[in-house]
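Okay, so here's the structure we're looking at.
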Amino acid sequence: MKKDPKAYLLHMRDAANAVISYSSQHTFDDFASDDWDQAAAIRNLEIIGEAANHIPTGFRQKYPEIPWQDIIDFRNVAIHNYMEVDSTIIWNIIQNDVPPLLKQLNSLLKDT
């Protein structure tokens, strides 16, 4: 049985909030020097990608402003090519991509 897309949007929102909350209290140097924090951040980004992948294509097509495929593709890299994931790239995603995504998700959740 497939879940309502809203459930996945909520998972995405919660994971985005988690990484934004972390990054607001830490510097890149903190992040880069702590393998545990990197793993937690990557895990939350994986959750965002996995949840996005479970949202039906038709629903995603209604909201093309959200980079669904990029989110899903990153999840696949993080899971399958984890040795290639660089802390600088993760930090940049957290700083530059997740905040606008969170705004989009919050807006979308108000409409669903």
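The values are calculated or read from the model by the stated rules, or taken from the named source; none is laboratory data. Every value quoted in this text rests on a predicted model; they were computed, and no experiment measured them. Neighbour counts run over all protein chains shown; Cβ positions are idealised from the backbone, glycine included.
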For this session: Identify, from the list Ile72, Ile89, Ile47, the residue that is of a type in the set (A, V, I, L, M), exposed (fewer than 14 other Cβ atoms within 10 Å of the Cβ) and either out of contact with any Lys or Arg (no Cβ under 8 Å at 6 or more places or on another chain) or modelled with pLDDT of 95 or more (or both).
Result: Ile89
Problem set entry | Selection count where residues are within 21 Å of Leu9 (Cβ to Cβ) and either among the aliphatic types (A, V, I, L, M) or surrounded by 19 or more Cβ atoms within 10 Å (Cβ to Cβ) (or both), scope region 24-44 | 3
Problem set entry | Wholly within the chain, helices (runs of 4 or more DSSP H) carrying at least 1 residues that are of a type in the set (A, V, I, L, M) | 5-25, 28-32, 35-54, 68-80, 87-92, 98-111
